[in-house]
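Participant: Please see the structure below; I have some questions.
The values are calculated or read from the model by the stated rules, or taken from the named source; none is laboratory data. Keep in mind that this is a model prediction, so the values were computed, not measured. No Cβ is skipped: glycine too gets one built from the backbone with ideal geometry, and neighbour counts run over all protein chains shown. The protein model used for the area step is the full one, side chains on, heavy atoms only, and it has no ligands, DNA or RNA in it. Shrake-Rupley method; radii C 1.70, N 1.55, O 1.52, S 1.80 Å.
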Amino acid sequence: MGASFAQVEAAFPAPIDKAMTEKIWVFIKKETQAPDNLPLPPIFFDEKIPREARMMFQFPSEDAPDNNLQISIGTQSTRLWKEEMFLWALGHELAHYAFLMQENQWQKKTIYDNNIRHHCNIEFMRITRDIVEIIWEQYQSVVNRMRMYNEVFKSCARQPLQ
């Protein structure tokens, strides 16, 4: 099993900005009309996820019933990211979680329905694009802002069925 969120924070070169993560999470919940008490999913560092995946939202489904409901953060490539890109990617995975929970009527399940393709979904793209602006308000890096915007569209182009 991977490391916990607290261990991730301790192991990551720049600590995860909990305040920004919470701000992003509150925004996502508002935009998806999630229950106020919907908690963050478990977040773990995991050396075993594919290097190219960097971060993954995992959940038990018909195809992968043994998955845990969690966000896994790759330990290699994410260490090279600037904090803004790390926060955006975490927000992207949190949006996947919120969309999945919305599709499943906010109910905890042993197997989740997953019929909505998120990456090219207009609402998903709008939310992940707006996460860029939340991060921009604090960090003010034009270069990283453009990189984050680029990732919104790359996600759709690279993995339209996800």
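Participant: Among PRO39, GLN159, TRP25, pick out the residue whose Cα is farthest towards the positive end of the charge dipole of the chain, where Lys and Arg carry +1 and Asp and Glu carry -1 on C-beta, about the Cα centre.
Facilitator: Result: GLN159.
Participant: Another question about this same structure. For VAL26 and GLN140, FRET efficiency with R0 = 30 Å and r from the beta-carbon atoms, rounded to 0.05? List each step's numbers first, then the result.
Facilitator: Numbers: r = 21 Å, r/R0 = 0.70.
Once rounded, the FRET efficiency stands at 0.90.
Participant: Counting only protein heavy atoms and using a 1.4 Å probe, what share of the accessible area of the chain belongs to carbon plus sulfur, as a whole percent?
Facilitator: Numbers: 4500 of 8650 Å².
The computed percentage sits at 52.
Participant: Counting Lys and Arg as +1 and Asp and Glu as -1, what is the net charge of the other residues whose Cβ lies under 15 Å from the Cβ of SER155?
Facilitator: On the way: positive: ARG54, ARG117, ARG126, ARG129, ARG147, LYS154, ARG158; negative: GLU52, GLU93, GLU123, ASP130, GLU151.
Net charge in that neighbourhood comes out at +2.
Participant: Accessible area per residue for the stretch 9-157 in Å², computed with a 1.4 Å probe and the full protein assembly in place, what is it?
Facilitator: Numbers: 7660 Å² over 149 residues.
On a per-residue basis, the stretch 9-157 sits at 51 Å².
Participant: Another question about this same structure. Given labels modelled 7 Å from the Cα in the Cβ direction, how far is it in nm from ASN37 to ASN115?
Facilitator: Roughly 2.9 nm, to one decimal.
Participant: A further question follows. Taking only C-alpha pairs under 8 Å that are 6+ residues apart, what is the relative contact order of the chain in percent?
Facilitator: Working: 217 pairs, mean separation 35.0, N = 162.
RCO, the chain: 22 percent.
Participant: What is the gain in length, in nm to one decimal, between ILE122 and TYR149 on full extension, counting 0.36 nm per residue of separation less the C-alpha to C-alpha distance? Provide the component values of the computation, followed by the final result.
Facilitator: Details: separation 27, 0.36 × 27 = 9.72 nm, distance 1.42 nm.
Answer, rounded to one decimal: 8.3 nm.
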